[in-house]
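Notes for the one structure printed next.
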Amino acid sequence: MFRLYALLCAGCWLLLQTRGNAQSRLFSQAIGGGLLAGSNYLGGGLVYSPRLNFFCFSDHSALSIGANIGLGTTINDNYNSNTGGNSTSIFMTNVPFLLTWNFGNAATNKACTKWGCFAGAGYGFQNASRGVEYIDDEETTTNQVHVSGLVLSAGFRLPVENHSLGIRVTYLFNNNRYNPDITGITGIGIDYNIGVKIHCAR
């Protein structure tokens, strides 16, 4: 399963990289980190966010498709009676695919503005493990986390010297029945927008 996710993420990155290299205005990327929290679950890791601006209203406003590829670990995975006292895998993946409207700072690589914002929606999934005290007979509580469904994302971008940082908030709704006790996964992160300059040469 991990190999499938790794191949999917690598394919998305290669596709966006290939399309984006032809014209820098169309391709944007960011790297950062974040925390993810749900019912009896806490995880964190690194996030790579490539996106393709498929419709640019201007250098300061664009619609994009992309993904936030999050890879990391479960933070609160602890002793579990059903694993013989051994911790389960701490590996975590969180990948939302998003349609996003970007405005202002980092909307494109040519947007020389100080402040910006973004908002989007799409579909995502979260696979991880978590520490639980027990697993009941009806399996309503399990040490595995498999959440997928609608995801909403929003945030803003701000200048730090001549660089661009972003603060991102996401919420992944749980639309499957594997973890009925988890209604959703909340994420918050900080991104560094690669190749975005605040002061452009005239």
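The residues listed here are 169, 196; of these, the one that is aliphatic (A, V, I, L, M) and modelled with pLDDT of 85 or more is 169. Close contacts from region 142-167, counting a first residue that is part of a loop (DSSP other than H, G, I, E, B) and a second that is basic (Lys, Arg) and buried (at least 18 other Cβ atoms within 10 Å of the Cβ), with Cβ to Cβ under 7 Å and a gap of 6+ residues or different chains, come to 143/130. Could we say that residue 128 is under 21 Å from residue 57 (Cα atoms), at pLDDT below 95 and either in contact with a helix residue (DSSP H, G or I) (Cβ under 8 Å, 6 or more places away or on another chain) or open to solvent by less than 20 Å² (accessible area, probe 1.4 Å) (or both) here? Criteria not met by residue 128.
Criterion applied to 108, 100 was being open to solvent by less than 40 Å² (accessible area, probe 1.4 Å) and at pLDDT 85 or above, and the one residue passing it is 100. Is one or more of the residues making up region 179-201 surrounded by fewer than 13 Cβ atoms within 10 Å (Cβ to Cβ), free of Cβ contacts under 8 Å to residues at least 60 places away in the same chain, part of a loop (DSSP other than H, G, I, E, B) and not basic (Lys, Arg)? Yes, region 179-201 contains at least one residue that is surrounded by fewer than 13 Cβ atoms within 10 Å (Cβ to Cβ), free of Cβ contacts under 8 Å to residues at least 60 places away in the same chain, part of a loop (DSSP other than H, G, I, E, B) and not basic (Lys, Arg).
The values are calculated or read from the model by the stated rules, or taken from the named source; none is laboratory data. From a predicted model like this one, the values you see are computed outputs, not experimental measurements. Backbone-built Cβ (ideal geometry, glycine too); neighbour counts: all protein chains shown. These area figures cover heavy atoms from the full protein model, side chains too; ligands, DNA and RNA do not enter into them. Shrake-Rupley method; radii C 1.70, N 1.55, O 1.52, S 1.80 Å.
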